[in-house]
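As structure tokens, the structure follows; a few thoughts come after it.
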Amino acid sequence: MDAAVKIAPIAGLSEKFIGLTIVAQGTSLPELATSVAAARKGNADMAVGNVVGSNIFNILFVLGISSLIVPIPFASGFIVDSMIALLAAVLLWLISLKYRKTGRLSGITFLLIYCGYLAYLLIQR
């Protein structure tokens with residue numbers, strides 16, 4: 001992570017962009033591999049549980065423990081990021097209620113939202 005923070009100014013990118021993209025993707029790749037493997041073996045509950053559980057753990061446990069040690073200020077610049085996360089959570093919830101599964105269309109939708117979010121981050125730097 002330290003290397004990513006040092007590379008950010010050299011590449012002309014903000015630390016926020018690096019943290020919300022490259023570092024986040026790097027730490028999520030093991031979860032992606034586990035979820036894909038579970039889905040291919042027909043363990044859909046394990047795939048969804050892995051992704052949702054990991055996010056809940058990161059938000060509640062990791063952020064909670066970190067905040068106990070050192071206060072973490074919430075910058076107003078993270079409002080849009082929080083709204084995107086909330087949108088994704090609500091969209092996943094609605095899809096799971098209506099269809100009881102996520103398919104190719106849902107996957108494409110989430111990927112397009114993520115691409116739009118990346119474009120937004122690049123514009124905001």
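Summary of values
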| read-out | value |
| --- | --- |
| Heavy-atom accessible area per residue - the chain, 1.4 Å, Å² | 76 |
| Fully extended contour minus Cα-Cα distance, from V90 to L63, at 0.36 nm per residue | 7.6 nm |
| Total formal charge among the other residues, if their Cβ is under 13 angstrom from that of V51, Lys/Arg +1 and Asp/Glu -1 | -2 |
| Full-extension gain in nm, I56 to M83, via 0.36 nm per residue minus C-alpha separation | 8.1 nm |
| Span-like helix ranges in the chain, DSSP H, alpha carbon extent 15 angstrom or more, Kyte mean at least -1.0 | 24-40, 44-56, 79-99, 104-124 |
| Backbone HN-Hα couplings from phi across the stretch 70-76 [Karplus 6.51/-1.76/1.60, Hz, Gly and Pro as x] | 9, x, 10, x, 9, 6, 4 |
| The chain - percent of accessible surface contributed by carbon and sulfur, probe 1.4 Å | 72 |
| Projected area averaged over orientations for the chain, convex hull of C-alpha atoms, nm² | 8.8 |
| V48 accessible area, 1.4 Å probe, all protein chains in place, Å² to nearest 10 | 80 |
| Within straight-line cross-link reach of K101, lysines at Cα separation under 25 Å, skipping those fewer than 8 residues along the same chain | K41 |
| Value of [θ]222 nm, deg cm²/dmol, for the chain, DSSP H segments ≥ 4, -39500 (n - 2.57) each, nearest 500 | -23500 deg cm²/dmol |
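The values are calculated or read from the model by the stated rules, or taken from the named source; none is laboratory data. Note that the structure is predicted; figures quoted are calculated from it, not measured. For neighbour counting, all protein chains shown are included, and Cβ atoms are generated from backbone atoms with ideal geometry for every residue, glycine included. Protein only, heavy atoms only, side chains kept; ligands, DNA and RNA dropped before computing areas. Shrake-Rupley method; radii C 1.70, N 1.55, O 1.52, S 1.80 Å.
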